[in-house]
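Asker: First the structure, then my questions, so here it is.
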Amino acid sequence: MRKNIVAGNWKMNNDLAETMELLGHLKSQLVKEPDAEVYVAPSFTNLYNTFQCLKETPVKVAAQNMHYAKNGAYTGEVSASMLKSIGVETVILGHSERRALFNETDEMLAKKVTTAIENEMTVIFCFGEVLKDRKAEKHFEVVKEQLENGIFHVSKAAWKNIILAYEPVWAIGTGETASPEQAQEVHAYVRKIVGEKYDEQTAQDVSILYGGSVKPDNAKEIFAKKDVDGGLIGGAALKAIDFLAIVNSF
Ligand code: 13P
């Protein structure tokens, strides 16, 4: 059975003091048994403190990125073993900001996915079309290509550690959300192609999150769709009250 999941991607926001303050609010306001599995993804500098702070809670901690190499001369990069050594077992890969602003290609992402899976980490794999592709009605094609090139090389067994996140780029940070129907349509398509590539069980078991301007006032409607299993939240994850309202939107 697939899980409901809400993950907060804090992006490049919050210094140490701000991180600890947000964590304090999250900890005090989170209900004992939330409706969803909850993740937060702070910046690298705050990962260790965040993990330590959330240790006794059900909230999991994810990194926002990782390098594919084991170690070596990669100035400025962070490896899987470094993340694991501080307790972080989950990594977001393929976010559209990494693709667009830092030139991450499908090929690089495929290597990162391989490394994460080899290290038994959970991967939150992001994909989604830009506005131009949506307008040209190429979104299915784009999504299929990103999945085929970035993640469909892993074994069937690896899918127990994979969470997919559909984030149409035109809906990220813009206030413009995909309609629940638009999200459902792509999610159902993604589940179909996972089923064709692997098998029906794998397709039914994978959680597919929607990301892009999810807020407390639209989360319920989006999460109610059959193939939407939760959300990857940017802006609204920076306020505990909003994030927790989204967590409780199932
Ligand atoms: P917003 O929720 O700010 O649109 O960001 C979505 C996102 O990019 C999460 O990874």
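Asker: Trypsin sites (Lys or Arg not before Pro), restricted to region 1-84: which are DSSP loop and have at most 13 other Cβ atoms within 10 Å?
Answerer: Here the trypsin sites (Lys or Arg not before Pro) that fit, given the DSSP loop and packing criteria, are K3, K32, K55, K70.
Asker: Treating the beta-carbon of each Lys and Arg as +1 and of each Asp and Glu as -1, no other charges, what is the dipole magnitude of region 82-153 about its Cα centre, to the nearest 20 debye?
Answerer: 200 debye
Asker: How many angstrom lie between the Cα centre of region 163-220 and the Cα centre of region 64-101?
Answerer: 24 Å
Asker: May I ask for the Rg/Rh ratio of region 126-250, computed from Cα atoms with Rh as the Kirkwood radius, given to two decimals?
Answerer: So for region 126-250, dividing Rg by the Kirkwood Rh gives 0.97.
Asker: Please report the relative contact order for region 4-78, taking Cα pairs under 8 Å with a sequence separation of at least 6, and give it as a percent rounded to a whole number.
Answerer: 34 percent
Asker: Which of the chymotrypsin sites (Phe, Trp or Tyr not before Pro) across region 56-105 are loop residues per DSSP, with 16 or fewer other Cβ within 10 Å?
Answerer: Answer in residue order: Y74, F102.
Asker: Based on the Kirkwood radius over alpha-carbon pairs, what is the Stokes-Einstein translational diffusion coefficient of the chain at 4 °C with 1.567 mPa s viscosity, in µm²/s?
Answerer: The estimated diffusion coefficient comes to 72 µm²/s.
Asker: Can I ask one more? What is the dipole size for the chain, taken about its Cα centre, with +1 at each Lys and Arg Cβ and -1 at each Asp and Glu Cβ, in debye to the nearest 20?
Answerer: Result for the chain is approximately 260 debye, rounded to the nearest 20.
Asker: Mind telling me which of P58, P42, P168 comes out most flexible in a GNM of the chain, alpha-carbon contacts under 10 Å?
Answerer: P58
Asker: Specify whether the C-alpha gyration tensor of region 91-133 places it in the rounded, prolate or oblate class, a ≥ b ≥ c being the square roots of the eigenvalues: rounded for a/c under 1.5, otherwise prolate if a/b is larger than b/c and oblate if not.
Answerer: Prolate shape, in that a/c is at least 1.5 and a/b is the bigger ratio.
Asker: A further question on this structure: With 18 Å as the limit, write out which pairs from K3/K220; K144/K197; K3/K138; K3/K215; K160/K226; K27/K55 have Cα-Cα distances beyond it, or answer none.
Answerer: K3/K138; K3/K215; K160/K226
Asker: For H187, H25, H67, what's the fewest-to-most ordering of other Cβ within 10 Å of each Cβ?
Answerer: Lowest to highest Cβ neighbour count: H25, H67, H187.
Asker: Which helices pass in the chain if a helix is a full DSSP H run, must span at least 15 angstrom along its long axis by Cα, and must have mean Kyte-Doolittle hydropathy not below -0.5?
Answerer: Correct list, ordered by number: 16-29, 106-118.
Asker: For the chain, calculate the relative contact order in percent as a whole number, restricting contacts to Cα pairs under 8 Å that are 6 or more residues apart.
Answerer: Relative contact order comes out at 22 percent.
Asker: Taking the Cα centre of region 11-105 as origin, work out the dipole magnitude from +1 charges on Lys and Arg Cβ and -1 charges on Asp and Glu Cβ, in debye rounded to 20.
Answerer: 240 debye
Asker: What's the longest bit of the chain with no exposed GluC sites (Glu not before Pro), using DSSP loop states and at most 13 other Cβ atoms within 10 Å as the test?
Answerer: For GluC sites (Glu not before Pro) (loop position, at most 13 other Cβ atoms within 10 Å), the longest site-free span of the chain is 177-250.
Asker: Could you tell me the relative contact order of region 1-139? Use alpha-carbon pairs under 8 Å, at least six residues apart, and round to a whole percent.
Answerer: Reported as a whole number, the value is 19 percent.
Asker: Which is farthest toward the positive dipole end of the chain among G128, A100, N14, measuring Cα position about the Cα centre, with Cβ charges +1 (Lys, Arg) and -1 (Asp, Glu)?
Answerer: About the Cα centre, the residue reaching furthest to the positive side is N14.
Bear in mind these aren't lab numbers, they're just calculated from the coordinates by the rules spelled out. These numbers come from a predicted model, not from an experiment. Cβ sites come from the backbone with ideal geometry, for glycine too, and all protein chains shown count toward neighbours.
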